[in-house]
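What follows is one structure encoded as structure tokens, with my remarks underneath.
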Amino acid sequence: MRRALRENALCALLALAGCATLAWLGLYGFTWSDYEVETQPSLEALVHAHLDRFLTLAPVYGGSLIERAPFALLPGLWGGGALSPSPACSPPR
């Protein structure tokens, strides 16, 4: 058992470091996503009720954007932007 641990320790450590790096990059922000290029134009067209433009710009998985549209419209109810938190999360003024 100890021999197997010794032989595989380096590979396991490198795999763990790689997983941790990918997790950090995924949670870091919008830097490592293709949202701005692939999804944002079509979702904005849908939010502004331009259905023909949405269908033209939609990626292959455009159907999932239709499911997300109501949640994209919610921040507009209180004058928020794309990154607005819900009113319950906002600090008191």
Calculate the FRET efficiency for Arg2 and Leu27 from the Cβ-Cβ distance with a Förster distance of 35 Å, rounded to the nearest 0.05.
0.50
Förster-model FRET efficiency, 22 Å R0, Val60 and Glu36, C-beta, rounded to 0.05:
0.80
Heavy atoms only, 1.4 Å probe, whole protein assembly: order Leu22, Leu57 by accessible area, highest first.
Leu22, Leu57
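The values are calculated or read from the model by the stated rules, or taken from the named source; none is laboratory data. Predicted model, so just to flag it, every value in this text is computed and none were measured. Cβ sites come from the backbone with ideal geometry, for glycine too, and all protein chains shown count toward neighbours. Remember, those area values only see protein heavy atoms, side chains included, never the ligands or the DNA or RNA. Shrake-Rupley method; radii C 1.70, N 1.55, O 1.52, S 1.80 Å.
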